[in-house]
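Each reported figure results from applying straightforward, stated rules to the coordinates on display, with no laboratory input. From a predicted model like this one, the values you see are computed outputs, not experimental measurements. When we count neighbours, we look across all protein chains shown, and the Cβ atoms used for this are built from the backbone with ideal geometry, even at glycine.
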Amino acid sequence: MNTRAEIKENIEKALQAADGRARVLLATKTVPAELINYAVTCGTNLIGENRVQELLEKYDALDKDKMEIHFIGHLQTNKVKYIIDKVSMIHSVDSIPLAKEIEKQAAKRGITMKVLIEVNIGNEPGKSGIPFEETETFLEALEEFPHLLPCGLMVIPPKRELPEENLHFFEKIYQKFIDIRTKKEDNKNWAVLSAGMSGDYAEAISCGSNLIRLGSFVFGARSYPT
């Protein structure tokens, strides 16, 4: 884990690279609450948690009035109820059963949950996300859930040796994002393309991503529980 000085420096580097074109989300898996509270004073107040249990363990210790919390990991339907009132956006909606459960839990609380459609941009077997070709059909299916507000797309491209090898995936998802926005001119909320992580965020931004998710770039190498 990096020192506070290194974290601050790395956030500043990311913000400089983004140059106002993309928001910087801090992917805070395994990062303790006190360090998250410090990190959001360094130029970006947006954090993303991957695991429900970890978010719940940290939640009370977070300076919640100073940050915006997103859920960015794979979300099981039976865990939606635990986070529905704790996050402002869910990045990983990739099935109708999950959408139904988010609708159910949001309706119970009288809230509308902002969501992103997770797209399996490389059509990788066993990986989360809907097939790229089904993106618009899936979006249309979400219209039956009044307590869901689709705001855009999220992708995790295939792992590559060189970040530039993912340029065509980023370009492809950006074009889909723009195509949908053009068809839905009345939907001013369709505004988020979440693409690019620590190893390829510069390439993602160059292709039109406006939200990048940075973990190891900011916080350094971490050991993840299995």
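Which one is right for this structure if Cα extents along the principal axes in Å is calculated from it: [x] 71, 41, 37; [y] 68, 40, 33; [z] 47, 41, 35?
Looking at Cα extents along the principal axes in Å for this model, the match is [z].
Is it possible to state the helix-based mean residue ellipticity at 222 nm for the chain, with each DSSP H run of 4+ residues giving -39500 (n - 2.57), the sum divided by total residues, to the nearest 500 deg cm²/dmol? What is it? Could you put the intermediate results ahead of the total?
Details: 9 runs with 82 residues, N = 226.
Mean residue ellipticity, 222 nm, calculated: -10500 deg cm²/dmol.
For region 84-94, take each phi angle, set θ = phi - 60°, evaluate the Karplus expression 6.51 cos²θ - 1.76 cosθ + 1.60, and give the result in whole Hz per residue in order, putting x for glycine and proline.
Once θ is set to phi - 60°, the couplings for region 84-94 become 4, 9, 10, 10, 9, 7, 10, 7, 10, 7, 9 Hz.
Of the listed peptides 163-173, 139-149, what is their order by residue-averaged count of other C-beta atoms within 10 Å, with the highest listed first?
On the way: 163-173: 18.2, 139-149: 14.7.
Descending mean neighbour count gives 163-173, 139-149.
Which whole-number percent gives the relative contact order of the chain, counting Cα pairs below 8 Å spaced six or more residues apart? Don't skip to the answer; put the middle values down first.
Details: 415 pairs, mean separation 46.6, N = 226.
Answer for the chain is 21 percent.
If I model a spin label at Lys108 and Arg4 as a point 7 Å from the Cα along the Cα→Cβ vector, what separation in nanometres do I get?
3.9
Can you work out the FRET efficiency for the pair Asp60 and Asp19, with r the C-beta to C-beta distance and R0 = 41 Å, to the nearest 0.05? Each step should come with its number before you reach the end.
Numbers: r = 36 Å, r/R0 = 0.87.
The value I calculate is 0.70.
For region 82-166, what's the radius of gyration and Dmax over Cα atoms, in angstrom?
Final numbers for Rg and Dmax: 14.0, 46 Å.
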